[in-house]
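Data first, discussion second: the structure below is written as structure tokens.
Readers should treat all values here as calculations from the given coordinates under stated rules, not as data from a laboratory. These numbers were taken from a predicted model, which means no experiment stands behind them. Here the Cβ positions follow ideal geometry from the backbone for every residue, glycine too, while neighbour counts run over all protein chains shown.
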Amino acid sequence: MFKEIGKIGIPFTVLFFLYLLNPFGLNIYIGYLLVGLILLQRNFLVENLDLGFLLLFLFSLTYAAFFSFEPKAGSQYIIIYALMPGTFYLLGKYFAHKIDGNREHLVLFLLLIGAVFSITANLSVFMDILQNGYNIVERNLPNYWTGQIIPATIMGSYFTIVMAIPALLIPQVKKLSLLMKIALFATYIISIACVLRIGSRTQLSISMIALLISLFYVMPRQSFKRNLFMFVLFALIVFFVINTVSFDLDQDWLSAFAGRMEDGGGEDIASGGGRTERWIKSMENLFAKPLGWSEHEFGHAHNLWFDVLRIGGFLSFFLLISFTTNAFISVRKAIRKNKRAYALNNLIIVYTLSICMVFMVEPILEGMFDFFAFFCFFIGVVKKYNADYPVID
């Protein structure tokens, strides 16, 4: 695995992981360096421009143009929105190309970047837990590097991939050592503690749904012995948790989560926290206000596509739909390409499902741009896998 990372190159690897970590809020400038590095790969660029990149690039330019009329996040985001999505899409292709057709190493690499993406959020929330415990129910917490207060919904997005770790470990992953499995599971446990601290129902839902989807996909494809071992292990874990952990909502460690459940109630959950009403209004505005509308009208739509419609108008909206549709077709093609490679297929399914669950309920490009960049990178990896990796005989 380290040999494969060496093929990618130290500059690419270091800058990419630094972007995921975002130390001291510097990932904007790290992103500029990545743009420069990928532009230097001229032969690679010419060979890897495809329909997905064209749709993504057209969307990025259009959205950036509309955003420039009222750049609330700052004028530099005009450049970021215009260049970064396509850059990360090509970076995904570049990394997958350098891993050179090795599916097992591709699985390990995707597991690694998912874990790295969560590190800053884990540090931010876990340090607050160590200092203040769970008694303080304020969900918005300071960033570990900068001290800037980050909304809980934004903080939660960085846990999305690690919330799916149990689902990713269901199939037998070749070359994944016991030590690495323990490290991943420990990361998951810490992340669960952090997710409970910020009271993120979305992240807990992702963990449970991803696990169920993975079970349905993997079980028919692996041996009875492996399935039996898996169920015995799950049973022991559940038995241990039930007998050692109290799930009483009056417990201190459930304070933030219990507060959300009490404030929201069943009706709030059924309506997605009031999101469904905003989605309906957004659909109406697609025809009534096709060039977008003010956030003051009803706030964020809490949906990637509808919030793009609000800022970037119908053209940005349809270009983004076209790109994501193209991406989902590529994901389907990847899953069908090597049916025997069910560990990688399971990972592709789980990553896509988990990311899209967040896309459905959050604005993403406003405050969670790193998450969208991660998605573009992942789709770039999937595209290169479809194009270059061999089919299993």
Partner lysines whose C-alpha sits under 17 Å from that of residue 72, ignoring same-chain residues fewer than 8 away, are none
Cβ density ranking, 10 Å radius, fewest first, applied to 336, 139 yields 336, 139
Mean residue ellipticity (222 nm) of the chain, computed from DSSP H runs ≥ 4 via -39,500 (n - 2.57), nearest 500: -24000 deg cm²/dmol
Run the reach check for residue 281 against lysines, Cα to Cα strictly under 17 Å, same-chain hits fewer than 8 apart removed. What comes back? 289
The stretch 97-174 and the stretch 310-349 have their Cα centres apart by a whole-number Å value of 22
Only Cα pairs within less than 10 Å get springs; with that Gaussian network setup on the chain, which residue of 214, 322, 75 has the largest fluctuation? 75
What helices in the chain pass both tests, a Cα length along the helix axis of 27 Å or more and a mean Kyte hydropathy of 0.0 or higher, using whole DSSP H runs? 76-99, 178-198, 224-244, 304-337, 342-361, 369-388
Using Cβ contacts closer than 10 Å as the measure, can you line up 70, 295, 362 from fewest to most? 70, 295, 362
Given the peptides 8-16, 79-87, 95-103, arrange them by the average over their residues of other C-beta atoms within 10 Å, most packed first. 79-87, 95-103, 8-16
With the dipole of the stretch 291-340 defined by +1 on each Lys or Arg Cβ and -1 on each Asp or Glu Cβ, the option from 323, 300, 312 whose Cα lies farthest towards the positive pole is 323
Once both labels are modelled 7 Å past Cα along the beta-carbon direction, what's the residue 332-residue 356 spacing in nm? 1.0
For the stretch 16-97: rounded, prolate or oblate by the Cα gyration tensor [a/c cutoff 1.5]: oblate
If amide H atoms are modeled at 1.01 Å from N in the peptide plane, then the residues at a separation of 5 or more from residue 150, or on another chain, having amide H under 5 Å from its own are 141, 143
Too long for a 19 Å Cα-Cα cut-off, among 333/384; 175/384; 339/384; 93/337; 337/384, are 175/384
Percent RCO, i.e. relative contact order, over the stretch 99-152, from Cα pairs under 8 Å lying at least 6 residues apart: 26
Using the crude model of +1 on Lys and Arg Cβ and -1 on Asp and Glu Cβ, and no other charge, please compute the dipole size for the chain relative to its Cα centre, in debye to 20. 1780
Would you work out the relative contact order for the stretch 2-388, in percent, from Cα pairs under 8 angstrom that are 6 or more residues apart? 24
